[in-house]
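**Student:** Pasting a structure here, questions to come.
The values are calculated or read from the model by the stated rules, or taken from the named source; none is laboratory data. Quantities reported herein were computed from a predicted structural model and do not represent experimental measurements. Cβ coordinates were reconstructed from backbone atoms using ideal geometry, including for glycine residues, and neighbour counts include every protein chain displayed. Areas reflect the complete protein model, heavy atoms only, side chains present, ligands, DNA and RNA absent. Shrake-Rupley method; radii C 1.70, N 1.55, O 1.52, S 1.80 Å.
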Amino acid sequence: MSATPTPAKKSRFSRKKKNEASGATAVDGGEPGRIAQIKTLYTLASKQNPRIPLYLIGAFLLGFVVLLVIGIAIQHPIYLGILGVFLGVILAMLLFGRLAQKAAYGQLEGQPGATSAAMSGLRKGWYYEQEPVAADSGRARKMSEMQNAAMVFRAVGRAGVVLVGEGPRGGATKLLESERKRVSRVSGPEVPVHTMRVGEGDDAVAVSKLTATMTKLPKKLTDAEVQAVNKRLRALGGVKPPIPKGMDPRAARPDRKSARGR
């Protein structure tokens, strides 16, 4: 008599990934491939800027035509024409990356948690908090009312501590000053504490320019000092920001790693 096959035992160590926007958990292998990701980015970017296809065609033709003309001039049109195709594709892909990034930042403008999404683009050496370290939601009780909430996000790098506020100008400015005093008491007088606000106005920084503005700040700390300050601030803890149930600033961006030096 044949034995009944035993069903394969699932490993308790199988890797799973969590969809941050929906809270669902998917097993490895369920993520879209590179081509699917590019297609999704292209669709989203085209909705934000319908002229993107024309820009990409123009970039391709620029690289192709330039090398083709040179090839004709030196009597090697086929060889340089083939190289022109590759150059055109490279130029189009580079331009697409810039346009897709610009479109993504455009979608973040005015959204709660846009600062956290922008900080995910910081380069190696920065430590940032994905969730706000301080918030004042006022009378907001649900997500649709969070547009009027003031929040402060924190990052630590060689420039020191950077506090970024978002929300109404008055509320964000007041919250930034309160958090600056709180951080200064813990970090010490030798650690610079910078404050800035994202939004509109002469005294604000656009979301698309936030990371560039932060990286241009003068470097005052060593890598070891940055790690020490970050640990000191993370150990500070504090009262949980009064954010309505269901508020997840991280949902504003598609993919982020934990708050760590990158």
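**Student:** Only one residue in 79, 55 is touching a residue at least 24 places away in the same chain (Cβ under 8 Å), open to solvent by 90 Å² or more (accessible area, probe 1.4 Å) and assigned by the TED database to the domain that holds residue 102, so which one is that?
**Tutor:** It is 55.
**Student:** Among what's in segment 162-173 and is surrounded by fewer than 20 Cβ atoms within 10 Å (Cβ to Cβ) and assigned to a helix (DSSP H, G or I), pick the residue that is farthest from the chain's Cα centre (by Cα).
**Tutor:** Filtering segment 162-173 for residues that are surrounded by fewer than 20 Cβ atoms within 10 Å (Cβ to Cβ) and assigned to a helix (DSSP H, G or I), the one farthest from the chain's Cα centre (by Cα) comes out as 170.
**Student:** Turning to a different aspect of this structure: Report, by residue number, each residue of segment 58-76 that is surrounded by fewer than 19 Cβ atoms within 10 Å (Cβ to Cβ), closer than 29 Å to residue 209 by Cα and in contact (Cβ under 8 Å) with a residue 12 or more places away in the chain.
**Tutor:** 62, the sole residue that qualifies.
**Student:** So which residues in segment 174-209 are under 15 Å from residue 152 (Cβ atoms), at pLDDT 90 or above and either among the acidic types (Asp, Glu) or part of a loop (DSSP other than H, G, I, E, B) (or both)?
**Tutor:** 177, 179
**Student:** Just a yes or no: is a residue in segment 124-133 polar (S, T, N, Q) and at pLDDT below 85?
**Tutor:** The answer is yes, given that some residue of segment 124-133 is polar (S, T, N, Q) and at pLDDT below 85.
**Student:** Taking the condition open to solvent by 20 Å² or more (accessible area, probe 1.4 Å), assigned to a helix (DSSP H, G or I) and closer than 15 Å to residue 126 by Cβ, does residue 225 pass? Full working, then the answer.
**Tutor:** On the way: open to solvent by 20 Å² or more (accessible area, probe 1.4 Å): yes; assigned to a helix (DSSP H, G or I): yes; closer than 15 Å to residue 126 by Cβ: yes.
Yes: the conditions hold for residue 225.
**Student:** I've got another one for you. Which of the residues spanning segment 194-217 are out of contact with any helix residue (DSSP H, G or I) (no Cβ under 7 Å at 6 or more places or on another chain), open to solvent by 30 Å² or more (accessible area, probe 1.4 Å) and closer than 15 Å to residue 121 by Cα?
**Tutor:** 206, 209, 212, 213, 215, 216
**Student:** Please tell me if residue 236 is over 23 Å from the mean Cα position of the chain (by Cα) and touching a residue at least 24 places away in the same chain (Cβ under 8 Å).
**Tutor:** Numbers: over 23 Å from the mean Cα position of the chain (by Cα): yes; touching a residue at least 24 places away in the same chain (Cβ under 8 Å): yes.
So residue 236 fits the description; yes.
**Student:** Then there is this: For segment 142-161, indicate whether the set of residues that are modelled with pLDDT under 90, among the charged types (D, E, K, R) and open to solvent by 40 Å² or more (accessible area, probe 1.4 Å) is non-empty.
**Tutor:** Yes: one or more hits.
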